[in-house]
1. Of Lys76/Lys289; Lys76/Lys202; Lys80/Lys138; Lys258/Lys416; Lys49/Lys254; Lys257/Lys277, which pairs sit farther than 32 Å apart, going by alpha carbon to alpha carbon?
2. Decide, for the stretch 171-257, between rounded, prolate and oblate: order the square roots of the alpha carbon gyration tensor eigenvalues as a ≥ b ≥ c, take rounded if a/c falls under 1.5, and otherwise choose prolate if a/b is larger than b/c, else oblate.
3. Compute the Cα gyration tensor for the chain, then decide on rounded, prolate or oblate, letting a ≥ b ≥ c be the square roots of its eigenvalues: rounded whenever a/c is under 1.5, prolate when a/b is larger than b/c in the other cases, and oblate in all that remain.
4. For the chain, with only Lys/Arg (+1) and Asp/Glu (-1) charged at the beta-carbon, what is the dipole magnitude about the Cα centre, in debye rounded to 20?
5. Once you treat every alpha carbon in the stretch 267-411 as an equal point and sum by Debye, what is log10 I(q)/I(0) at q = 0.08, 0.14, 0.16, 0.19 Å⁻¹?
6. What part of the accessible area of the chain, given as a whole %, is carbon or sulfur when the probe is 1.4 angstrom?
7. Express as a percent, rounded to the nearest 5, the fraction of DSSP beta bridges in the stretch 216-396 (both residues included) that run antiparallel.
8. So how far, in whole Å, is the C-alpha centre of the stretch 123-139 from the one of the stretch 347-410?
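The values are calculated or read from the model by the stated rules, or taken from the named source; none is laboratory data. Here the structure is a predicted model, which means the values were calculated and not measured. Here the Cβ positions follow ideal geometry from the backbone for every residue, glycine too, while neighbour counts run over all protein chains shown. Only protein heavy atoms, including side chains, enter the accessible area calculation; ligands, DNA and RNA are left aside. Shrake-Rupley method; radii C 1.70, N 1.55, O 1.52, S 1.80 Å.
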Amino acid sequence: MDNIKGILNNQKRYFYTGETRAINFRIEKLKILKRAIVKYENEISNALKIDLYKSEFESYATEIGIVLDEINLAVKKLRKWSKPLRVKTPITNFLASSCIYSEPYGVTLIISPWNYPFQLLMAPLIGSIAAGNCSVLKPSEYTPNTSKVITKIINESFNEEFIAIVNGGVEVSTALLKEKFDYIFFTGSVLVGKVVMEAAAKNLTPVTLELGGKSPCIVDKDIDIRLAAKRIAWGKFLNAGQTCVAPDYLLVHKDIKKELLNAIAKIIREFFGDNPKESHDLPRIISKKHFNRLIEFLEEGEIIVGGEHDKEELYISPTIIDNVTWENKVMQDEIFGPIFPVLEYNDLSEVITMVNNYPKPLAVYIFSNNKQVQKRILHNISFGGGCINDTIMHVASSYIPFGGVGCSGVGAYHGKASFDTFSHKKSIVKKSNVFDVALRYPPYKYKVKLLKKIFK
Ligand code: NAD
């Protein structure tokens, strides 16, 4: 792993030349990245098709398009974001002005997973470039074709001393984590998130952890059933359920359960046809390991839709399982596949107690037209983010920060939040020499009374 040390030393040296700090430099590099992505758009799409059997539409909507959108916003807003922010100065600091400067951390490490292998490496990279850092990228080893195109884009567009890409599996990640980076941005599982945080703690390196968890989809009785069914099924089966913010399980009011499940079953047929295996719009499971893990979930509860699978093709049909309990395997961990267990409730208090009994979710989806219901859930359950009457779409906005809380993550990004995440906020008080308040200097003997008056 001498190569890693070499890359890091070169990047550190390059960072201190100050070149990456210039706003024009950052904007130019973002534009270069955009041009390369547009140039290789078809190759990215094809690679995603081979790695995950993603349709061209899904690849553009959830990977390429979202990244281009983030670049466009950063290019447009970077001058504004990077301006020192003048803030108020308290009377105790008389006579002075106060400013918050956004400065790059230095050399950042970005580690990404396989489920949105293009977007989840590129979106943080945009933040890192915008903030003026050098970056080392470690894509997932499970999507080799996408990683190959990304490697081509990065190597053709940038010098290694500015942005380097290191391919490989756990051993490469482990070697990278032994080094002292100035910031680590990790997207992946809760389990590996803990490994990353532990490694970062050894060097006191700040981290963002974009993790996962079980995100409930809560459906009240007061809704438009067909519309809700459509939005829920879309969010659940997008990327065959291999989405960190996918509705993990359904928590539905018992009065409308039957009707909602029938509606979701109908929508699944409309989306993917009578035989979803023949659909070009249903991605495959990433690996045999995940396939085997998922089909074990089919052994408990009552399958009311789907349940078909094919190991050779790593195919699992969109599946709904009713009569599930929290003791079942499917409810132990994040599902991360096209399997949707159903739990019912009678009263909203049960929902709140139930969800709060488990680690804080990355997302919660609330389907209800009742404002009181919406409010109660928002006020009583802590979670990363989510939607009211929709699924997933909060991730698709560059204007709101995206991230988890508790076990579902630390920190957030997207849009300006990405710039902020990759910038250290340096607070500076600039003092005037014209005037000097004597109060703070010893001897203090008679000054305490005045001090108390000021702070009252
Ligand atoms: P993962 O944690 O297994 O792997 C993520 C990255 O970490 C990969 O690059 C991998 O090579 C590396 N890695 C694996 N084991 C490691 C170790 N022991 N030490 C250091 N590095 C290691 O995750 P995954 O299976 O690729 O992705 C699925 C998970 O990611 C799910 O839990 C999902 O919820 C989560 N996820 C979260 C978000 C988010 O934005 N919050 C987005 C997508 C996926």
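1. Beyond 32 Å between Cα atoms: Lys76/Lys289; Lys76/Lys202; Lys258/Lys416; Lys49/Lys254.
2. Prolate.
3. Note, shape of the chain comes out oblate.
4. 3620 debye
5. Those come out to -0.27, -0.84, -1.08, -1.33, one per q.
6. C and S atoms contribute 55 percent here.
7. Of those bridges, close to 20 percent are antiparallel.
8. 29 Å
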